[in-house]
Amino acid sequence: MSIKIFTTGGTIDKIYFDAKSEFQIGDPHINEVLDEANVVFSYEVESLLKKDSLEITDVDRQFIMERVNADSHQRILITHGTDTMVETAKKLLSVDKTVVLTGSMQPAKLRISDAVFNIGYAIAAVQILPKGVYIAMNGKIFDPKITSKNVIKNRFES
């Protein structure tokens, strides 16, 4: 089984520069995470976007859906910013593959981050879940049709 990983940017790939919290979206960190984890499954990584999710447009979501549909892999992981992850997941509901979206509340480059846990959890989920579109965050699998991000509690909820 081979997994395709599409990256779109978001906090998971942010690089902060100074105390004023200025940042840019860097190269995808998922390669480093998977290398450090010494994974033995087959995967390919393709960067689709390098955007904060608040900047992802309907045109971008259409592009993501087209790339997911065109790819030969049946199991797809998408790293995505958390603010509009649900909207992108809803756009993908018609896809006839197993698609799991994940992200993080803190950049993967930080010493304390949920990124590594969320990536590992999403990798497990994409390997065992049936066809459908899911969000893997906060140690839980969410149905995007009934999910939202609770900004105050900094977590996803159904």
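Values quoted throughout were computed directly from the atomic coordinates according to the rules given, and no laboratory measurement underlies them. As the structure is a prediction and not an experimental result, all values here were calculated from the model. Using ideal geometry, Cβ is built from the backbone for each residue, glycine included, and neighbour counts are taken over all protein chains shown.
Look through 52, 71 and report the one residue that is closer than 20 Å to residue 105 by Cα and either touching a residue at least 60 places away in the same chain (Cβ under 8 Å) or in contact with a Gly (Cβ under 7 Å, 6 or more places away or on another chain) (or both). Walk me through how you get there before you give the answer.
Values: 71 fails: closer than 20 Å to residue 105 by Cα.
Exactly one residue qualifies, and that residue is 52.
The numbered conditions (1) among the hydrophobic types (A, V, I, L, M, F, W, C); (2) surrounded by 21 or more Cβ atoms within 10 Å (Cβ to Cβ); (3) part of a strand (DSSP E or B) are all true for residue 48 except (2). Of all the numbered requirements in (1) touching a strand residue (DSSP E or B) at 6+ places or on another chain (Cβ under 8 Å); (2) part of a helix (DSSP H, G or I); (3) touching a residue at least 40 places away in the same chain (Cβ under 8 Å), residue 120 misses one, and that requirement is (1).
Per this entry, residue 83 is not counted among residues that are free of Cβ contacts under 8 Å to residues at least 40 places away in the same chain, of a type outside the set (Gly, Ala, Ser), over 18 Å from residue 126 (Cβ atoms) and assigned to a loop (DSSP other than H, G, I, E, B). Among the residues of the range 58-72, none qualifies, meaning not one is within 13 Å of the chain's Cα centre (by Cα) and in a loop (DSSP other than H, G, I, E, B). Consider residue 94 carefully, then state whether it is surrounded by 21 or more Cβ atoms within 10 Å (Cβ to Cβ) and in a loop (DSSP other than H, G, I, E, B). Criteria not met by residue 94.
Only residues that are over 18 Å from residue 5 (Cβ atoms) and either assigned to a helix (DSSP H, G or I) or under 15 Å from the mean Cα position of the chain (by Cα) (or both) were counted across the range 103-112, and they come to 2.
Selection over the range 125-150 of residues that are among the aliphatic types (A, V, I, L, M), touching a residue at least 40 places away in the same chain (Cβ under 8 Å) and over 17 Å from residue 78 (Cα atoms) gives a count of 0.
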